[in-house]
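Worksheet: one structure, shown below.
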């Protein structure tokens, strides 16, 4: 057993975080938590996890649920393909594994949405298998503990860190070891200003010894995210508003939105919106009053969205580029899963109506 591991495990037993999925008797709960924790902070995940387990208390319940119910429960967590893949995988587990999540890493990785890290985390945390895991916290801790100079977001850096994660795994204690490193990264070995004086493994930490802890982990520079200007239409008829469902494959797949799209060079916002409605829905609109401006950053790009009230002039809206269209009452908008910006628009027009 590596020399730093006993102190790390002792620290974890005294200081490990109390989280609703830890100690849960059902591996399904660990799986749900690990999917939710991808690219999302623990504090954000906890209420979503608790809500999800109330709505879908078992893997079979999730497999039987409509996709829209899963997306509704996920709304606000982002990266909605995670929710769709979770439900798809649940259906596969029911059909092919008798409703029991497989324990083998190879079988886990064949399920939609489960990659190398998630498979290792589920195998070690839920089934007690000797499998390494490598989330953001573990990358940071290992990069400092072993003073890794390769960028952690490069193929070479990833390979080194996976090797370190596997080489230092204590047999029979992988679950506690992986969770201890996760908690150490969350509580002590934080991205900025790590509390090295309080760290249970500082005596073994090469970066601390070399004075390079503030420089680790090394990250390769990423190109700046492009920015797009987009528009959206609030089209009303008989007390209802028009919603379009995004295609399943792609950003925010399966969610509902106020129709519109990206501004092209040489056109103003009104021209953009009229063209988008024509192309997306086969209808002509007159662009009217300004509803609001909304900014949002996605993983690979940023947007500024301008929403307008629009009057339908000609043509019955139909899903040419959208998956489906619906006329929804304002009191029904909460039943349609939406991304953050469209939910903000929904909130504005709903509050305006009530006011």
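A few remarks follow.
Here is a yes/no grid of residues against (1) at pLDDT 95 or above; (2) under 15 Å from residue 87 (Cβ atoms); (3) surrounded by 17 or more Cβ atoms within 10 Å (Cβ to Cβ); (4) more than 17 Å from the chain's Cα centre (by Cα):
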site	(1), (2), (3), (4)
5	yes, no, yes, yes
11	yes, no, yes, yes
15	yes, no, no, yes
25	no, no, no, yes
44	yes, no, no, no
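- When residue 134 is tested against (1) part of a loop (DSSP other than H, G, I, E, B); (2) touching a residue at least 40 places away in the same chain (Cβ under 8 Å), exactly one condition is not met: (2).
- Number of the condition not met by residue 37 [criteria: (1) under 20 Å from the mean Cα position of the chain (by Cα); (2) surrounded by fewer than 20 Cβ atoms within 10 Å (Cβ to Cβ); (3) within 28 Å of residue 183 (Cβ to Cβ)]: (2)
- Put simply, of 265, 319, 337 the only residue that is surrounded by fewer than 18 Cβ atoms within 10 Å (Cβ to Cβ) and touching a residue at least 60 places away in the same chain (Cβ under 8 Å) is 319.
- From 101, 108, residue being out of contact with any strand residue (DSSP E or B) (no Cβ under 8 Å at 6 or more places or on another chain), in the same structural domain as residue 38 (by TED's automatic domain parsing), assigned to a helix (DSSP H, G or I) and over 18 Å from residue 161 (Cβ atoms): 108
- Residue 141 vs. criteria part of a loop (DSSP other than H, G, I, E, B) and at pLDDT 95 or above: no
- Entry remark, region 158-178: residues being surrounded by fewer than 21 Cβ atoms within 10 Å (Cβ to Cβ) and under 23 Å from the mean Cα position of the chain (by Cα) number 2 in total.
- Residue match in region 223-243 (condition: more than 30 Å from residue 320 (Cβ to Cβ) and out of contact with any strand residue (DSSP E or B) (no Cβ under 9 Å at 6 or more places or on another chain)): yes
- Only one of 10, 103 that is farther than 25 Å from residue 255 by Cβ and out of contact with any helix residue (DSSP H, G or I) (no Cβ under 7 Å at 6 or more places or on another chain): 10
The values are calculated or read from the model by the stated rules, or taken from the named source; none is laboratory data. All values derive from a computational prediction rather than experimental measurement. Every residue, glycine as well, gets a Cβ built from its backbone with ideal geometry; the counts of neighbours run over all protein chains shown.
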